[in-house]
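Here's the structure we're looking at; comments come further down.
The values are calculated or read from the model by the stated rules, or taken from the named source; none is laboratory data. Owing to the predicted nature of the structure, the values given are computational and were not obtained by experimental measurement. Cβ: placed from backbone, ideal geometry, glycine included. Neighbour counts: every protein chain shown. Accessible surface areas use protein heavy atoms only, side chains included; no ligands, DNA or RNA. Shrake-Rupley method; radii C 1.70, N 1.55, O 1.52, S 1.80 Å.
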Amino acid sequence: MVVFDVDMTLIHFNDAFRNLFKIEQNFEGRFSDFLSEESEKEFSEIFQSILEEDKHLTNLNVRYKSISLPEDMSIVWEFYKVKNTEKSSVIGLGILFASKNHIVLPENIFKLDVLLTSTNEASIIISRENRVEYFSAQAYKEVKLFFGKELKVGDDFDQYILPELRTLFYEKFNEALNDKEIFYEINIPVGSEEGLWYFIKFIPVKSSLGTISSVMYSARNINDIKKYEAELNQQKFYLKSMYESTDTAIAIFDRELKMLYANKKAFEMTAKKFGKKIRYGDSAIDYIYSDIHDTFKKQIDTVLKGDSTIFEIRDGDEYWRFKIFPIQDENNTILGISIHISDITAIKLYENKIIEQVQFLKRLAWSQSHELRGPLSTILAICDHIHEISDEELKDYILSKMKNYAEQMDQIIKSTVISINQLSDKYSI
């Protein structure tokens with residue numbers, strides 16, 4: 001790796017660059033000094049396009065005058081403009097490709113690839129001289145959050161180490177420089193009184209020449225995980241009691257729908273419904289009625305894509321509610337599913353009761369507004385004018401009609417009372 005300014009003067013380079021071109025640590029010069037005459041002219045044009053057009057160029061090959069590479073070796077460069085420094089500069093990353101006869105370490109290439117593409121780890125490549133060579137986006141964010149500074153290539157990393165952790169850092173850093181991979185968890189005294197938990201990695205980074213040129217330092221925030229672990233340890237007994245005492249059958253399956261866990265209610269339900277005992281490793285399909293296999297599988301496919309689902313089925317006079325949830329790790333990777341099955345027969349019966357009562361009230365309202373209203377209106381109208389009738393025979397006829405209307409109303413009321421009593425007996429109201 002090499003960093004140079006707008007005049008191509010070298011600002012910084014790592015050990016891999018220094019060893020390859022056989023220069024001293026305090027070398028002062030220009031990147032073009034290493035190029036052949038023909039490549040120098042070509043690269044000058046490329047360099048201007050990087051500065052002026054902010055191009056990010058990859059897969060570039062150049063020829064050199066200071067080194068002579070074997071035919072089965074080549075350096076492929078990537079150049080881009082640095083955007084987070086006060087002055088414009090360009091970073092060049094060169095990968096040395098070699099045949100199997102040369103020293104190539106795929107495991108380190110893999111680790112560097114993980115670093116450069118990581119989005120959830122604060123990862124920084126630090127040179128032997130403790131200078132920042134490269135960093136991930138997460139590292140930039142966390143350094144700015146904790147130290148109020150913008151992390152830049154070429155920074156002395158010492159300024160980003162907490163004083164109380166400096167001894168430990170350099171101990172592990174030097175071990176990594178001696179070809180040892182370091183992994184550990186640590187509580188860093190920042191933020192709340194409890195501090196923050198991080199998973200720390202020191203990985204030696206080897207050049208294609210086999211030398212350890214720098215160290216990849218990664219810090220991943222695992223505070224939520226540690227809190228979750230502490231909570232689980234504290235409430236383990238209560239969680240187990242809850243799962244075993246609930247009326248809901250709960251079972252957990254992997255992505256292939258093989259059973260990993262089932263609570264007491266799940267064992268009881270399968271024994272009652274299927275006449276057999278659950279065994280870990282059984283398929284979830286083994287405990288689903290064949291006539292709903294297709295529907296069940298569609299619901300499972302939905303959950304394996306990250307969505308939860310709820311549906312109900314009827315089994316004779318019984319009703320059951322299925323709730324299926326995806327089980328995900330901290331990276332939102334689907335590990336399996338959790339199935340919760342509840343007997344909702346009582347709820348459904350109560351819902352049916354409410355529905356029937358509502359329907360009855362609607363019929364009662366219709367009866368009151370139509371069947372009773374007509375006779376009652378007629379009787380009221382007759383009562384308002386009966387004193388005006390002098391003909392006794394006509395008056396007797398009208399009174400007989402009023403009696404008929406009253407009997408109709410009485411019959412409607414009796415029928416309503418019978419319906420109310422029937423509904424009350426049915427639901428023990």
May I ask which of 276/298; 227/323; 22/172; 149/206; 362/414 have a Cα-Cα span longer than 19 Å here?
276/298; 227/323; 22/172; 149/206
Pull out a ≥ b ≥ c, the square roots of the eigenvalues of the alpha-carbon gyration tensor of the stretch 231-329, then state rounded if a/c is under 1.5, prolate if not and a/b is larger than b/c, and oblate in the remaining case.
oblate
Starting from the Cα of residue 379, step 7 Å along the direction of its Cβ; do the same at residue 400; then give the gap between the two resulting points in nm.
1.9 nm
The extension gain from residue 186 to residue 26, computed as 0.36 nm times the residue separation minus the Cα-Cα distance, is 53.9 nm
What accessible area, in Å² to the nearest ten, does a 1.4 Å probe give for residue 231?
90 Å²
Using DSSP to define loop residues, name the trypsin sites (Lys or Arg not before Pro) in the stretch 233-333 whose beta-carbon has at most 10 other beta-carbon atoms within 10 Å.
277, 279, 305
What is the gain in length, in nm to one decimal, between residue 174 and residue 53 on full extension, counting 0.36 nm per residue of separation less the C-alpha to C-alpha distance?
39.5 nm
P(r), alpha carbons of the stretch 158-291 - 10 Å bins starting at zero, rounded %
10, 24, 18, 16, 17, 12, 3
Test of understanding: what is the full-extension gain from residue 283 to residue 271, defined as 0.36 nm times their sequence separation minus their Cα-Cα distance?
2.8 nm
Counting only protein chains, not ligands or nucleic acids, how are 212, 200, 225 ordered by accessible area (probe 1.4 Å), most first?
225, 212, 200
Cut-off under 5 Å, modelled amide H: who pairs with residue 222 long-range
197, 198, 199
Set the Förster radius R0 to 60 Å, insert the Cβ-Cβ distance between residue 347 and residue 18 as r into 1/(1 + (r/R0)^6), and round the FRET efficiency to 0.05.
0.20
Under a cut-off of 18 Å between alpha-carbon atoms, report the lysines in cross-link reach of residue 81, not counting same-chain residues fewer than 8 places apart.
55, 152
